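Participant: Before I ask anything, here is the structure I am working with.
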Amino acid sequence: MGILNKLDAHIEPFESGNILITSADKLLNWSRLNSMWQMFFGLACCAIEMMATSASHYDLDRFGIIPRPSPRHIDIILISGTVTLKMATRIKRLWEQMPEPKYCISMGSCANCGGPYWEHGYHVLKGVDRIIPVDVYVPGCPPRPEALLEGLIKLQEKIRTQSLAKKVN
Amino acid sequence: MDKFLLDTFGNELIKDLIIPIPLFAFVVVFALYAVLAERKISAFMQNRPGPNRVGGRTGVLQVVADALKLLQKEMVLPFRADKLLYNVAPFVVFTGTLLGYAIIPFSSIYVGVDLNIGLFYFFAVTSISVIGMLMGGWASNNKYSLYGSMRSVAQIVSYEIPTALAALNVVMLAGTLSMQKFSELQAGGIQNWFVMGGPGGLSKVIIIPFMVAAALILFISTLAEANRTPFDIVEADSEIVAGVHLEYAGMQMVMFMFAEYAQMFAVSGVLVTLFFGGWQSPFGDAIPFLNTPWMQFAWFIGKGLFFVFVMIWLRWTLPRLRVDQLMHLCWKYLIPISLVIIFVIGFYLVV
Amino acid sequence: MDIKEIQELLKSAFDEGIGEPVTDKPVDPYITVETGKIHAVCLFLRDEERLQFDYLSCLSGVDYDKDNLASVYHLYSFALNHKIVLKVIVPKSNPIVPSVYDIWAAAEWHERESYDLMGIVYENHPDLRRILLPEDWEGHPLRKDFKVPEFYNGMKIPY
Amino acid sequence: MAEIRTEEMILNMGPQHPSTHGVLRLQLTLEGEIVIDVKPYIGYLHRCFEKHCEAMTYPQVIPYTDRMDYVNSMSNELSYVIGMEKLLGIEVPERVEYIRVIMSELQRIASHLIAIGTYGNDAGAFTPFLYCMATRERVLELFEITCGARLLYNYFWIGGLSHDIPSNFQQKVKEFIKFFKPKITELNNLLSFNKIFIERTANIGILPADYAINAGACGPTLRGSGIKFDLRKNEPYSIYNKFDFDIPIGQGLKGTLGDCWDRYMVRIHELEESVKIIEQAIDNIPEGDVQAQVPKRVKPPVGEVYARTETPKGELGYYIISDGSLNPFRIKARSPSFCNLSMIRALSKGYMIADVVMTLGSFDIVLGCIDR
């Protein structure tokens, strides 16, 4: 993180938040959770629901979420669909290319745990959390747009509780 | 204004330092809110609400949140990138655009510097951002970025020509290169604007269609210089992903975005000054209240914002041209047509 | 044209290697062709005036039985609107079938897929690589005796 | 003067790229902007459909066919159940046939809307995409009131349907048709006859008719080259022979026959034809049962069938081999996008990067269908 990384280097870890830190926390969290730029990237069936969610009917732009094509510009990556073994290394690389702070939403059963392909899928990774850390799991096959929005709101809640003080630990 | 400031502070240096401050403020605020306007206008055109979660239903704080978030982002240096060039490039791009604002006359009392070769200066400095693009594209060590920067160079260098040729018509009619002079010459209402042939007798009716064409050419080619759709091949996201700023994260990417949006207003400002009366009220002196120096700010910014709106409108309506079609448009249509217009205007002036 | 007539035409053109047509329901009628003959038979089917099979609908690899694999060709003629199914049966120990990619360009990817998943090797194919699975994958998963490996590139495969 | 060394540039497009419609990877060999060679790499979404089929019972395969080509699930199911009914020798009630036809045509509209929208997006126009998605929501609404799902339905079962249509379905479909017809005109005004769009698509990616047949092209891609072939007409399945509709073909109006614009325009016309079919069918749905007599444990006799239908993407075939047990011995899916995509190499040599994107978009590929 641009600023937070600098803090890491120069400031002793905070034991607990004080007024200054918590106010700064609130502001920074507010900005992060209201401007989650998303990756313009789909894997499988869930990608169609993701597109439907960001299109006019449901409109992710309301929450400040806009799709960007490059991994360098984004804050959240939506793993929307089945992750195969061939794709897994690429997804890991995309995740590594994203600048901090970054978040991941695993959308749909396939990305959560392998979904309908859990038993005989010899080429399916059983859950994207085997290669990258996941913040929010959205169940469904595929999840409805409302479910995806709920997942995004859950992620916002998670960001809201983050703190500089904890971050430095 | 110069005189007022000089009297107040009594020091040449302080005056010089104060003059650009409103300009900086304007550019930053404009670029921020142009992003929001783009999102809101596109949302309106696409039957959706657009950002409405922060700052009430209009989402006015959305850009603030974006900016704060981007400040927190990690700075990434791509693998085997050229560190110096990579870090300098965004600033070069932004500086080039910002320098262009120096000569834009916002009102009869306010212009950064009233250069007597203002227009020439504008064309010269806005090309600086091309160098920045090339630096950024090369230094990123990414093939998409490289393609983006190469396209950017080819595009902007080509489109300089029709831009200059179209502007030349006004220069010929006005007999000056100073931006403030252009605006002053167009006093007296809409019929004296250069798009209507400039001040003159009845005989100017002949050149009106040619001046309208010249204004159109200037608009089209400045659209290309600002890298806006349908000429946004530099960052065409369906072909070369994001072009030049593909590898830039956080604030460095913001510099590129700011440069693009600032460029939009700069080229609209030049277009307004050259063809649409600058800061002059369209009613001339018939309604004196509308032609006071402070109203002139409103007129100028209003006209500029109108053309910015047209740019946004076009972006969300039109597909993108291919790189060779872009060049064809420039070399096969715009340049010959603008040459013909220059010939006609020259002929008119001689006769 | 009926399958019987097609088979007779083939019989008259090729002395041997053409099996009897199987037409009992619910089976799509098919003809078994000897491995070495398939390229010539396909070329004949495409170019013969009365047949004109210009469209390769589908090419599938099948784990036929315990010792054999099969390559199945579903052909269709746009011009004459008739269909035929050809089967080539090869032993698992030596699963080599001549490629038909030069007759129908469509066969190129289908053969690669069949090679990838079933392990049938198509002779004279210009670019016989794995198509769906990664290059360094071991085994041919659609064979009945395929065992799912425990790990691939350090990633655990079973649930 | 020292000789200047030049070399071709190899550019990897994908698997994550905004315009590869999923996880396709194209390896472009470039000389400046000109494409010398394209090497497609697929398999990034290989979900082992065929292996799963062998482990499932026959009815359990249907959800997996849904997930193959996920933007037209209904048509995928149709192809499979028709194959199974052929294998089992089941006659389905006429009511079922009517509902199936209406559903597949609605699905065709939804699928083509995505194809057209994303194609506009490829060309750089984002707004048509959102217009198409908004229109598509209305189709999904119809599916939702019928079977509760928006994308993957599991609605067509072997020998019938999972359940009957709701009572207000016909009314809703008529409302949709009324709403939808002007949308086609809107789309034409916005995108199809836009000068820049025509410039971008006409004379690009020309697919000659003989090569199209030879390379196994199907669906709108084949018809775009001027070949009047549609399985609904040429090999009528279900009850398509009862309806009156045309097969739109490419005519080379704006450029050479078989270019991207032709393929695009075939899809636009097919929207109109689908509307025609729905209009004819919607009022004539007979009363009756929606499930034929099918044994609880589907156990077809030993045999094999190849059933093919015309999905929005083209000819989708299932080669089903039964060994008389409860599980299929082998199911091979012949996917239309797979055959269409295999032509990308021949079609994009000598064009520019932007043209490869347009050619790829004009095939309307879905990676789930290609990789299975």
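Participant: Can you find a residue that is buried (at least 18 other Cβ atoms within 10 Å of the Cβ) and in contact with a Cys (Cβ under 7 Å, 6 or more places away or on another chain) anywhere in the range C:52-68?
Facilitator: The answer is no; no qualifying residue exists.
Participant: Do you know which residues across the range C:55-70 are aromatic (Phe, Trp, Tyr) and not in a loop (DSSP other than H, G, I, E, B)?
Facilitator: C:Tyr55
Participant: Go through (1) without any contact (Cβ under 8 Å) to a residue 40 or more places away in the chain; (2) within 23 Å of B:Asn227 (Cβ to Cβ) and name the single condition B:Phe30 misses.
Facilitator: Condition not satisfied by B:Phe30: (1).
Participant: Do the conditions hold for B:Ala236, that is, is it touching a residue at least 12 places away in the same chain (Cβ under 8 Å) and part of a helix (DSSP H, G or I)?
Facilitator: When the stated conditions are applied, B:Ala236 does not pass them.
Participant: I would also like to ask the following. So which residues in the range D:303-338 are in a loop (DSSP other than H, G, I, E, B) and over 15 Å from D:Cys53 (Cβ atoms), if there are any at all?
Facilitator: Hits for the range D:303-338 are D:Pro312, D:Lys313, D:Gly324.
Matching residues to (1) modelled with pLDDT of 75 or more; (2) touching a Leu at 6+ places or on another chain (Cβ under 6 Å); (3) within 14 Å of chain D (Cβ to nearest Cβ):
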{"position": "C:Met1", "(1), (2), (3)": "no, no, no"}
{"position": "C:Lys4", "(1), (2), (3)": "yes, no, no"}
{"position": "C:Tyr30", "(1), (2), (3)": "yes, no, yes"}
{"position": "C:Ile38", "(1), (2), (3)": "yes, no, no"}
{"position": "C:Leu45", "(1), (2), (3)": "yes, yes, yes"}
{"position": "C:Glu48", "(1), (2), (3)": "yes, no, no"}
{"position": "C:Tyr55", "(1), (2), (3)": "yes, no, yes"}
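Participant: Quick one: what pairs do we get from the range C:14-40, first residue closer than 12 Å to C:Val88 by Cβ, second among the charged types (D, E, K, R), C-beta under 6 Å, 6+ apart or different chains?
Facilitator: The qualifying pairs are C:Gly17/C:Glu34; C:Gly17/C:Lys37; C:Ile18/C:Lys11; C:Tyr30/C:Lys87; C:Thr32/C:Lys87.
Participant: Please work out which one of (1) of a type outside the set (Val, Ile, Thr); (2) without any contact (Cβ under 8 Å) to a residue 60 or more places away in the chain; (3) surrounded by 24 or more Cβ atoms within 10 Å (Cβ to Cβ) is the condition D:Asp69 fails and give its number.
Facilitator: (2)
Participant: Please go through the range D:36-53 and pick out each residue that is buried (at least 18 other Cβ atoms within 10 Å of the Cβ) and either touching a Phe, Trp or Tyr at 6+ places or on another chain (Cβ under 6 Å) or of a type in the set (D, E, K, R) (or both).
Facilitator: Across the range D:36-53, the qualifying residues are D:Arg47, D:Cys48, D:Phe49, D:Glu50, D:Lys51, D:His52.
Participant: Let me ask something else. Name the residue, out of C:Ser114, C:Ser77, that is touching a strand residue (DSSP E or B) at 6+ places or on another chain (Cβ under 8 Å), polar (S, T, N, Q) and either within 21 Å of D:Phe49 (Cβ to Cβ) or within 8 Å of chain D (Cβ to nearest Cβ) (or both).
Facilitator: C:Ser114
Participant: Filter the range A:75-101 down to residues that are at the interface with chain B (Cβ under 9 Å from one of its Cβ atoms) and either of a type in the set (A, V, I, L, M, F, W, C) or within 17 Å of A:Arg32 (Cβ to Cβ) (or both), then give me how many there are.
Facilitator: Of the residues in that region, 5 qualify.
Participant: Here is a list: B:Val54, B:Val29, B:Val35, B:Val64. Which entry is surrounded by 14 or more Cβ atoms within 10 Å (Cβ to Cβ) and within 21 Å of the chain's Cα centre (by Cα)?
Facilitator: The unique qualifying residue is B:Val35.
Participant: Which of the residues spanning the range C:118-159 are among the β-branched types (Val, Ile, Thr) and either buried (at least 18 other Cβ atoms within 10 Å of the Cβ) or outside any strand (DSSP E or B) (or both)?
Facilitator: Answer for the range C:118-159, where residues must be among the β-branched types (Val, Ile, Thr) and either buried (at least 18 other Cβ atoms within 10 Å of the Cβ) or outside any strand (DSSP E or B) (or both): C:Ile120, C:Ile131, C:Val148, C:Ile157.
Participant: Then there's this: Step by step: first the residues of the range D:102-128, then only those that are more than 14 Å from chain B (Cβ to nearest Cβ) and in contact with a Pro (Cβ under 6 Å, 6 or more places away or on another chain), then the one that is farthest from D:Ser362 (Cα to Cα). Which residue is that?
Facilitator: Only one residue fits best here, namely D:Arg108.
Participant: When residues of the range B:70-79 are filtered for being within 20 Å of A:Leu94 (Cα to Cα), assigned to a helix (DSSP H, G or I) and facing chain A (nearest Cβ under 7 Å), how many remain?
Facilitator: Looking only at that region, the number is 1.
Participant: Does at least one position in the range D:95-111 carry a residue that is among the acidic types (Asp, Glu), farther than 22 Å from D:Lys276 by Cα and either in contact with a Leu (Cβ under 7 Å, 6 or more places away or on another chain) or buried (at least 20 other Cβ atoms within 10 Å of the Cβ) (or both)?
Facilitator: No, because not a single residue in the range D:95-111 is among the acidic types (Asp, Glu), farther than 22 Å from D:Lys276 by Cα and either in contact with a Leu (Cβ under 7 Å, 6 or more places away or on another chain) or buried (at least 20 other Cβ atoms within 10 Å of the Cβ) (or both).
Participant: Specify which of the listed residues (D:Leu231, D:Leu253) is surrounded by fewer than 22 Cβ atoms within 10 Å (Cβ to Cβ) and at pLDDT below 85.
Facilitator: Sole residue among the options that is surrounded by fewer than 22 Cβ atoms within 10 Å (Cβ to Cβ) and at pLDDT below 85: D:Leu253.
Participant: For the subset of the range A:115-142 comprising residues that are out of contact with any Pro (no Cβ under 8 Å at 6 or more places or on another chain) and crowded, with 23+ Cβ neighbours inside 10 Å, which member is farthest from A:Lys92 (Cα to Cα)?
Facilitator: That would be A:Pro142.
Participant: Among the residues that make up the range C:64-86, is at least one of them aromatic (Phe, Trp, Tyr) and out of contact with any helix residue (DSSP H, G or I) (no Cβ under 9 Å at 6 or more places or on another chain)?
Facilitator: Yes, there is a match, as at least one residue in the range C:64-86 is aromatic (Phe, Trp, Tyr) and out of contact with any helix residue (DSSP H, G or I) (no Cβ under 9 Å at 6 or more places or on another chain).
Participant: Do we have any residue at all in the range B:306-313 that's outside any helix (DSSP H, G or I), crowded, with 17+ Cβ neighbours inside 10 Å and under 21 Å from the mean Cα position of the chain (by Cα)?
Facilitator: Taking every residue of the range B:306-313 in turn, none turns out to be outside any helix (DSSP H, G or I), crowded, with 17+ Cβ neighbours inside 10 Å and under 21 Å from the mean Cα position of the chain (by Cα).
Participant: Among the residues of the range D:317-329, write down those that are in contact with a Gly (Cβ under 9 Å, 6 or more places away or on another chain) and in contact (Cβ under 8 Å) with a residue 60 or more places away in the chain.
Facilitator: D:Gly317, D:Tyr318, D:Ile320, D:Ser322
Participant: Mind checking which pairs have a first residue in the range A:63-91 that is without any contact (Cβ under 8 Å) to a residue 24 or more places away in the chain and a second that is crowded, with 24+ Cβ neighbours inside 10 Å, Cβ under 6 Å, 6 or more apart or different chains?
Facilitator: What qualifies is A:Ser70/B:Val241; A:Ser70/B:Ala242; A:Ser70/B:Leu246; A:Arg90/D:Pro15.
Participant: Considering only residues that are within 10 Å of chain D (Cβ to nearest Cβ), of a type in the set (D, E, K, R) and within 15 Å of the chain's Cα centre (by Cα), which ones fall in the range A:47-74?
Facilitator: A:Arg68
Participant: Go through A:Thr53, A:Thr82 for me and flag whichever is in contact with a helix residue (DSSP H, G or I) (Cβ under 7 Å, 6 or more places away or on another chain), surrounded by 24 or more Cβ atoms within 10 Å (Cβ to Cβ) and in a helix (DSSP H, G or I).
Facilitator: Exactly one of A:Thr53, A:Thr82 is in contact with a helix residue (DSSP H, G or I) (Cβ under 7 Å, 6 or more places away or on another chain), surrounded by 24 or more Cβ atoms within 10 Å (Cβ to Cβ) and in a helix (DSSP H, G or I), namely A:Thr53.
Participant: For the range B:326-336, which residues satisfy the criterion of being buried (at least 18 other Cβ atoms within 10 Å of the Cβ) and either more than 22 Å from the chain's Cα centre (by Cα) or facing chain D (nearest Cβ under 9 Å) (or both)?
Facilitator: none
Participant: Yes or no: B:Ala259 modelled with pLDDT of 85 or more, surrounded by 24 or more Cβ atoms within 10 Å (Cβ to Cβ) and in contact with a Pro (Cβ under 9 Å, 6 or more places away or on another chain)?
Facilitator: Yes.
Participant: Let me ask something additional. So D:Glu33 fits all but one of (1) surrounded by fewer than 24 Cβ atoms within 10 Å (Cβ to Cβ); (2) touching a residue at least 60 places away in the same chain (Cβ under 8 Å); (3) within 26 Å of A:His123 (Cβ to Cβ); (4) not aliphatic (A, V, I, L, M); what number is the exception?
Facilitator: Single failed check for D:Glu33: (3).
The values are calculated or read from the model by the stated rules, or taken from the named source; none is laboratory data. Predicted model only: the values in this text are computed from it and were never measured. Heads up, the Cβs are rebuilt from the backbone with ideal geometry, glycines too, and the neighbour counts pull from every protein chain shown.
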